[in-house]
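Colleague: Before anything else, here's the structure in question.
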Amino acid sequence: MTFERQTLDTDLTFEGPGLHCGEPTQVVVSGGTEGIHFRQGTNRLAAIPENVTDTSRCTRLGEIGVIEHLMSALAAAGITDAEIEVTGRELPAADGCAAPYMQALLDAPRKALGTMEVEGLFARVYEKAETHSVAIGRGEGWWRYEFLTGERWPSVQDFELRLTPERYAEEVAPARTFCFSEELPHLEAAGLGKGLDASTALVLGVSGYENAARFPEEPARHKLLDLIGDLYLAGLPPVLLNVVAERSGHRANVAAAAKLRSAVRVQASG
């Protein structure tokens, strides 16, 4: 499998409250030539599964939280190389989704960096347990997420698409972070979600949404958004894969990314 390497030919700056901490944060995305790296002060970390330090409520790379929404947009936009400077503890809430990132990436000038050859992935890669599953294979960009809550509403949601930058921008990127109504007191007590409000996060009540949803199956779409971002830690463009996931969260996604990364060999040329 061969794909084109692309980077930005400009700097993109995003600012706002951190999604969980609520503190002022800034992220600057610049061109790169060595894959995707995040920098916080003097610390520079490659965006790979081995550098993930926490997967509770977000994906944390080193000391930088909530990288998954930007990673998802980079993956869908086809940006393979970038340097990302973060000021603050985490990335901005960015409307609780990936839409602001994706639109800026689509509008930005780019620079070609040659090609990347991927060898391996001769068999499907699985991350499977009693509570979740992620199945990854060589493919044409078909992605599906099954959001299952048992007897609790909504019980079953699923969303599937063949990924293109345009379809991602319209159908996945606007899907927001969500929580169950019974979780709200615990999230508040834990000091989480301070950068979100009723317009930037979706609340799932016991029998329906408690605020306006952007899509009928918005939670399934947001979980797919997270999945794309977490699996991009393996360094493979999502258009080269077919992926089906059920009930997976950040921990399972990152574990799947680690297995995927170990199953292939990626070599740059040009």
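The values are calculated or read from the model by the stated rules, or taken from the named source; none is laboratory data. Everything quoted here is computed from the prediction, not taken from an experiment. Because the Cβ atoms are built from the backbone with ideal geometry, glycine has one as well, and the counts that use them run over all protein chains shown. All accessible areas refer to the heavy atoms of the entire protein, side chains included, with ligands and DNA or RNA removed. Shrake-Rupley method; radii C 1.70, N 1.55, O 1.52, S 1.80 Å.
Colleague: Using +1 at the C-beta of Lys and Arg and -1 at the C-beta of Asp and Glu, which of A268, G208, A220 has the Cα lying farthest in the positive direction of the dipole of the stretch 202-270?
Modeller: The residue sitting farthest along the positive end of the dipole is A268.
Colleague: Next question, about the same structure. Could you tell me how far the Cα centroid of the stretch 203-270 sits from the Cα centroid of the stretch 28-97, in Å?
Modeller: With the stretch 28-97 and the stretch 203-270 each reduced to a Cα centre, they are spaced 15 Å.
Colleague: To the nearest 20 debye, what is the magnitude of the charge dipole of the stretch 168-268 about its Cα centre, counting +1 on the Cβ of each Lys and Arg and -1 on the Cβ of each Asp and Glu?
Modeller: 580 debye
Colleague: Per residue, how much accessible area does the chain show when a 1.4 Å probe rolls over the protein heavy atoms, in square angstrom?
Modeller: 43 Å²
Colleague: Still on this model: Can you give the extra length, in nm with one decimal, that the chain gains between T13 and K111 once fully stretched, where that is 0.36 nm per residue apart less the Cα-Cα distance?
Modeller: Residue separation times 0.36 nm, minus the Cα-Cα distance, leaves 33.5 nm.
Colleague: Something else now. For the chain, compute the number of Lys pairs whose alpha carbons are separated by less than 23 Å, excluding pairs fewer than 8 positions apart on the same chain.
Modeller: Eligible lysine pairs with Cα atoms under 23 Å apart amount to 4.
Colleague: Taking 0.36 nm per residue of sequence separation and subtracting the Cα-Cα distance, how much length would be gained by fully extending the chain between E119 and E23, in nm to one decimal?
Modeller: The E119-E23 span can extend by a further 30.3 nm.
Colleague: Return the carbon/sulfur percentage of the accessible area of the chain, one whole number, probe 1.4 Å, all protein chains in place.
Modeller: Heavy-atom surface of the chain belonging to carbon and sulfur, 1.4 Å probe: 50 percent.
Colleague: I'd like to know which of L148, V118, T13 lies farthest towards the positive end of the charge dipole of the chain, counting +1 on Cβ of Lys and Arg and -1 on Cβ of Asp and Glu.
Modeller: Of the options given, the answer is V118.
Colleague: Right, another one. Is there a quick way to get the dipole size of the stretch 31-148? I mean about its Cα centre, with the Cβ of Lys and Arg at +1 and of Asp and Glu at -1; what is the value in debye to the nearest 20?
Modeller: 60 debye
Colleague: Please give the charge dipole size of the chain, origin at the Cα centre, charges +1 on K and R Cβ atoms and -1 on D and E Cβ atoms. Round to the nearest 20 debye.
Modeller: With only Lys, Arg, Asp and Glu charged at Cβ, the dipole is about 600 debye.
Colleague: Right, something else. What distance in nm lies between label points placed 7 Å from Cα along the C-beta direction at D158 and E210?
Modeller: Computed distance between label sites D158 and E210 equals 2.9 nm.
Colleague: OK, next. Calculate, in nm to one decimal, what T53 and E188 gain on full extension: separation in residues at 0.36 nm each, minus their alpha carbon distance.
Modeller: So the chain would gain 46.3 nm between T53 and E188.
Colleague: Ok, one more. On the Cα set of the chain, report Rg and Dmax in Å, please.
Modeller: 17.4, 55
Colleague: Can you bin the stretch 84-215 into rounded, prolate or oblate? Criterion: square roots of the alpha carbon gyration tensor eigenvalues sorted a ≥ b ≥ c, rounded for a/c under 1.5, prolate for a/b above b/c, oblate for the rest.
Modeller: Here the stretch 84-215 falls in the oblate category.
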